[in-house]
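Visitor: Structure provided below as structure tokens; questions to follow.
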Amino acid sequence: MSEHTFDLEITAAWTAFGARVSRYIAAMQDNDTLVVESQHDSQDNLDYAPACIQFFAWDQTRVRCEVPSNQFLHPLRMLEPEDHESLIGWGFNRPDQCEHDATGNGSMSFYIDVDRSRPDGVVAQALRVLGDMWSIAHPSFLRVQVSGREDIPAFDSGQTQASEYDSLNELVDNALGRLLDYTPERDDDGDIPLVRGEQITYVRVLEDDQYVEVFSRVVHSIPDTNHAALVLSQLNRQWPTIKLILVEQSVLGVARVDAAPFAPDHLLRTIRSFAELADASEELAEELGGQPIRADGEFAATDGSDSDGLSAVFDGSAVEWHECFEFPPALMSILELDADQSGGLTADDVAEICGRDRDTILEYLRISQEQEAEWHNALTNAVAVGGEDIELCTGEKLAWTQTIAHLRQALRVVVLPRKGSGTQ
């Protein structure tokens, strides 16, 4: 096995493990606890904790991720001062100075609180702590323990079985039946087309995964795709729950609804968001320089045919979303140069490419973080189905991860004064 293949397999294993942790957190209830810890740390002295991360569900929608401070850790697992600073830099809050400090946050560990329905970011940071700080090379060296309610489910392998796929399709049919007053038909691809005027919105269950995907064409016949790609970076901020992507001369809206567990109201709310997006199609078309998709009335199901061929664009490939998006030339330069130099770009090089402009670097960071997250999801899908896209998705995810690191270093160069410059 080559070193490259070995690295790809390790990255794929961490990605699959992270996806299982995220799915479990999304289904946790208040007071449930999930602990991910090294299974090879000595437990001879129970007064000390092994290398571990804890997730605790609270406040109806929140989950707290905790990294133990040194007062709890085994002496061989204690973190260095630079590790503490890294944790703060990654978004963790410092622990309380005093256990009985009434003004404190209630945690004597480093912690982050997030919405448990969107745990991917904090899970990625937790795995980074395990891998980078405690040098745990593979998730097979970890064990997961859960506690809380009496009937708390076990932490399982996360592999979606065919019966679960069929069950999710049935749940989606029932949810859409509430919207339409009858069960809709599926097209030849297994997607459900919903029509409002000229707008067709497709709903599909992703096989071997636990997501429902919703997508629709918003604007078509765009002559200047370079201009449209720049405009999209701004429009995506205005529509945070829907991802707008450029496909040839059209802009598509895409959203994924987490179905672990499936909440019908979340799917129906997403579909209504697409109705609002279609209602704004004329304004979007004017900004993008294309033609609008006109929509009116209520959603209705079609006869099951794919009347505009859009469903074929999303044929289940893990990579199609990403191939459609055009990036700022400077950002592409960073990606290409980094690939050519095998990681030899310096922070000063990247700052220069970005024009030493803070706002430009921050915008490129936002784009890169979005792409890293999307390739993470694509890799998760590819690993689940064992498809041929695993190597491609792994390489793309690693490239965006490296780009994020470069941009953060460049931001420090631009924002912080250089040592020895005399700046106070």
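Visitor: In nm, to one decimal, how far is the modelled label at Glu282 from the one at Ser117, with both set 7 Å along Cα→Cβ?
Guide: In this crude label model, Glu282 to Ser117 measures out at 3.2 nm.
Visitor: Let me ask something else. Quick one: pull the percentage of alpha-carbon pairs in segment 192-275 with a separation above 22 Å.
Guide: 30
Visitor: How many percent of Cα pairs in segment 113-156 exceed 13 Å?
Guide: 67
Visitor: Given the Cα-Cα distance of Arg356 and Thr61 and 0.36 nm per residue of separation, how much length would full extension add, in nm?
Guide: 102.2 nm
Visitor: Now a separate question. Any idea how far apart Asp173 and Ala263 come out in nm if each label point goes 7 Å out from Cα toward Cβ?
Guide: Rounded to a tenth, the inter-label distance reads 2.5 nm.
Visitor: A follow-up question, please. Which is farthest toward the positive dipole end of segment 243-291 among Val247, Gln291, Ser281, measuring Cα position about the Cα centre, with Cβ charges +1 (Lys, Arg) and -1 (Asp, Glu)?
Guide: It is Val247.
Visitor: Around Trp58, which amide H atoms from residues at least 5 apart in sequence, or from another chain, sit under 5 Å from its own amide H, with H modelled in the peptide plane?
Guide: Asn31, Val63, Arg64
Visitor: Starting from the 7 Å offset along Cα-to-Cβ, what nm value, one decimal, do you get for the label separation of Arg294 and Arg408?
Guide: Using points 7 Å along Cα→Cβ, the separation is 5.0 nm.
Visitor: Shifting gears a bit: Sorted by mean Cβ packing within 10 Å, highest first, what order do the peptides 48-61, 173-186, 367-380 take?
Guide: Ranking, from highest mean packing down: 367-380, 48-61, 173-186.
Visitor: For segment 216-226, what does the Karplus curve 6.51 cos²θ - 1.76 cosθ + 1.60, with θ = phi - 60°, yield as ³J(HN,Hα) per residue in whole Hz, taken in order and with x for Gly and Pro?
Guide: Each residue's phi maps through the Karplus curve to give 7, 6, 10, 9, 9, 6, 8, x, 10, 6, 5 Hz.
None of the figures in this text is laboratory data; all of them are computed from the coordinates on show. These figures come from a predicted structure and were not determined experimentally. As a convention, Cβ positions derive from the backbone with ideal geometry for all residues, glycine included, and neighbour counts pool all protein chains shown.
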